[in-house]
Structure formats: structure tokens, C-alpha cells
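**Q** Would you mind keeping the following structure in view while I ask a few things?
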Amino acid sequence: MKLKFLTKKQNEVMSILWESKEPLSAQQIKSKNDDLNMNTVQQVLRSLLKMGYIKVADIGYSHTVLTRLYSSTVSQSDYIQFLLGDKSPFEVTSSLINNNSSLKELDELRKLIDKKRKELED
């Protein structure tokens, strides 16, 4: 399957599915993001099904009504790798640092780098 770029709403729905350990219904997806309405969720789910990013994993009950339960077929790491393309870890990290304006986040990155250096030196 050839990956395609996701729209903002598609990415929001995919993020919810990636975070879930089990398949979710449209109603469950909507309940995890107040910015989404049911029509948008259903439309996005249809488009993600066509793209092959998700599948109907099961049929379950939502109260007394049968409903489809969706799960992702593309992992979050595969999608991120698609977004990054052929960029090296150095190029990605450099870009993130150069475009960051938060001292707190830069301090956290420094801590991660220091920790990794210690691991490699031992």
C-alpha cells in the first residue's frame, strides 16, 4: 500500500486509533475529541477505509445497536517514517531544535542527549 498524507481531521482520528489498544466505534472516537462531530468522524472513517489506513476490525454493540469497530492498519511509526522520507536522524533532530522556541523543551532535549551520551560512554 502506498501511503498518502493525512488531512488534519484524518490525523486526529488516526491518533485516537493509534493510542487505543482495542478497536473503537465512531462514537468512541468522537467521545475522545470534543472538536470532532459525528458527521466528521464518519466521513473521515470512510475516507481512511478507502485509503487503507484502517479496517473494520469487529462488530460490537453501542448500547443496543450493532456498530463497526475500527482499528489502524498502518502503524504510527510507519506513517512518521513516511513523513520524514530519507532524512537522517541528525537532519530531523536539527530541524526540530532549530524550529523550537521553548526553553523548557530544549532543556528536556539536552537531558535526553546527556542521558544517551552516558549510555554510549559506558
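**Q** Kindly provide the set of residues from the range 29-79 that are more than 12 Å from Ile16 (Cα to Cα) and basic (Lys, Arg), ordered by number.
**A** Matches in the range 29-79: Arg46, Lys50, Lys55, Arg68.
**Q** I would also like to ask the following. How many of the residues making up the range 1-49 are over 27 Å from Thr64 (Cα atoms) and under 13 Å from the mean Cα position of the chain (by Cα)? Steps first, answer last, please.
**A** As a first pass, look at the range 1-49 and keep what is over 27 Å from Thr64 (Cα atoms): 1-12, 15.
Applying the additional criterion that residues be under 13 Å from the mean Cα position of the chain (by Cα) yields 5-12, 15.
Residues meeting the conditions: 9.
**Q** Report yes if Thr93 is over 30 Å from Lys111 (Cα atoms), in a helix (DSSP H, G or I), without any contact (Cβ under 8 Å) to a residue 60 or more places away in the chain and among the β-branched types (Val, Ile, Thr), otherwise no. Talk me through it step by step, then tell me what you get.
**A** Values: over 30 Å from Lys111 (Cα atoms): no; in a helix (DSSP H, G or I): yes; without any contact (Cβ under 8 Å) to a residue 60 or more places away in the chain: yes; among the β-branched types (Val, Ile, Thr): yes.
It is false that Thr93 is over 30 Å from Lys111 (Cα atoms), in a helix (DSSP H, G or I), without any contact (Cβ under 8 Å) to a residue 60 or more places away in the chain and among the β-branched types (Val, Ile, Thr).
Taken together, the values in this text are just the output of simple stated rules run on the coordinates, not laboratory data. The model shown is predicted, which means the values in this text are computed figures rather than measured ones. In this analysis, Cβ positions are derived from the backbone assuming ideal geometry, glycine residues included, and neighbour counts consider all displayed protein chains.
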